[in-house]
Amino acid sequence: MFILKRQDVEISSVQHPKREQQIPVLKYQDQTFRLISVFDVNQAEEAKTFWKDLTDNQGKFCVLLQEDNRHSVWGRFRLEQLGDGGDEASPVAFVQACLLILQAVYFDVEELLGGRQAKLFQQEIANAFQTRQIPEVTSPKAMEQLLKVDPLGNFKAPSWAEQHLIAILQEIYRIGKDFFGNTNFAEELNDILLDMSDADRQGFLAWLKQSTLGKQWG
């Protein structure tokens, strides 16, 4: 909705009521926004394209903040949403990226280690999702369906908040490392995400880089 400069806004942070995490908060005209993604200063066009996709195609109320050393996209939310289960859903592109990664690791297990190991991987990742309370994945059957869908096709992406995406990628990394004995699969993100649009891929990778997972993936 808006392209803003640093002097236009107030940026602070609030303590998440249920997690040991500081949430960056941007305030503009009595409205609050939380950080969705960060881009390097030379990625101005990617940031603008990502922001326009969220606002024009996904109906999100977002601002694009242009600073001297970076560009960032922020989505509107209410402070009282924190901790009540109302954390805003992540951009659909981020959910799609996580599903592409999940499927790529699963298919690698199947191709390199065989069908029996692939079945075990599916069981373990389903159990992990249930333990981490990932919404909409409450059974092995639901996991099986996630492994078969086309993430970039015509299906309704799960409404996963940022903490769900982080938990999902943590579990894929942990279980993938157990099966392969190494983490080479985590270095293949550009190939895994090749079918995504440039803006969506860059947006997800920028978010991943500034998240707690940046040292594991990529």
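The values are calculated or read from the model by the stated rules, or taken from the named source; none is laboratory data. Source: prediction; values computed, not measured. Cβ coordinates were reconstructed from backbone atoms using ideal geometry, including for glycine residues, and neighbour counts include every protein chain displayed.
Conditions tested, residue by residue: (1) crowded, with 19+ Cβ neighbours inside 10 Å; (2) out of contact with any Gly (no Cβ under 7 Å at 6 or more places or on another chain); (3) over 14 Å from Ala97 (Cα atoms).
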site: Val137; (1), (2), (3): yes, yes, yes
site: Lys141; (1), (2), (3): no, yes, yes
site: Asp150; (1), (2), (3): no, yes, no
site: Gly153; (1), (2), (3): no, yes, no
site: Leu193; (1), (2), (3): yes, yes, no
site: Phe204; (1), (2), (3): yes, yes, no
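Output the residues belonging to segment 194-218 that are among the hydrophobic types (A, V, I, L, M, F, W, C) and closer than 23 Å to Thr55 by Cα. Break it down stepwise before answering.
Taking segment 194-218 first, the residues among the hydrophobic types (A, V, I, L, M, F, W, C) are 194, 196, 199, 204-208, 213, 217.
Correct list: Met196, Ala199, Phe204, Leu205, Ala206, Trp207, Leu208.
Being assigned to a helix (DSSP H, G or I) and either polar (S, T, N, Q) or touching a residue at least 40 places away in the same chain (Cβ under 8 Å) (or both) narrows it down to one of Trp217, Trp207, so name that one. So that I can check it myself, show each step before the final result.
On the way: Trp217 fails: assigned to a helix (DSSP H, G or I).
Just one listed residue meets the conditions, Trp207.
Using beta carbons and a limit of 6 Å, which pairs, at least six apart or on different chains, have the first residue in segment 140-169 and closer than 20 Å to Ile23 by Cα and in contact (Cβ under 8 Å) with a residue 40 or more places away in the chain and the second one part of a helix (DSSP H, G or I) and not aromatic (Phe, Trp, Tyr)?
Note: pairs meeting the criteria are Trp160/Val95; Leu165/Cys98; Ile168/Cys98.
Here's a check for you: in segment 1-44, which residue that is of a type in the set (S, T, N, Q) and within 13 Å of Gln66 (Cα to Cα) is modelled with the lowest pLDDT?
Just the residues of segment 1-44 that are of a type in the set (S, T, N, Q), to begin with: 7, 12-13, 15, 21-22, 29, 31-32, 37, 42-43.
Pick out the ones that are also within 13 Å of Gln66 (Cα to Cα) and you get 7, 37, 42-43.
Working: Gln7: 92, Ser37: 78, Asn42: 84, Gln43: 82.
So the residue we want is Ser37.
Among the residues of segment 29-72, what is the count of those that are within 18 Å of Ala161 (Cβ to Cβ) and either touching a Leu at 6+ places or on another chain (Cβ under 7 Å) or surrounded by fewer than 17 Cβ atoms within 10 Å (Cβ to Cβ) (or both)?
Of the residues in that region, 7 qualify.
Checking Leu165 against (1) farther than 29 Å from Arg6 by Cβ; (2) out of contact with any Lys or Arg (no Cβ under 8 Å at 6 or more places or on another chain), only one condition comes out false. Which one?
Only one criterion in (1) farther than 29 Å from Arg6 by Cβ; (2) out of contact with any Lys or Arg (no Cβ under 8 Å at 6 or more places or on another chain) is unmet by Leu165, namely (1).
Hey, among the residues in segment 35-69 that are out of contact with any strand residue (DSSP E or B) (no Cβ under 6 Å at 6 or more places or on another chain) and basic (Lys, Arg), which one's farthest from Leu213 (Cα to Cα)?
The selected residue is Lys52.
On the given criteria, is Ala199 assigned to a helix (DSSP H, G or I), touching a strand residue (DSSP E or B) at 6+ places or on another chain (Cβ under 8 Å) and modelled with pLDDT under 90? Break it down into steps so the answer makes sense when it comes.
Details: assigned to a helix (DSSP H, G or I): yes; touching a strand residue (DSSP E or B) at 6+ places or on another chain (Cβ under 8 Å): no; modelled with pLDDT under 90: yes.
When the stated conditions are applied, Ala199 does not pass them.
Can you work out which of the residues in segment 45-61 that are over 17 Å from Arg78 (Cα atoms) and of a type in the set (Lys, Arg) is modelled with the highest pLDDT?
Of everything passing the filter in segment 45-61, Lys48 is modelled with the highest pLDDT.
Mind listing whichever residues of segment 145-170 are among the acidic types (Asp, Glu) and within 22 Å of Ser37 (Cα to Cα)? Spell out how you get there, then give the answer.
Of the residues in segment 145-170, the ones among the acidic types (Asp, Glu) are 150, 162.
The one that is among the acidic types (Asp, Glu) and within 22 Å of Ser37 (Cα to Cα): Glu162.
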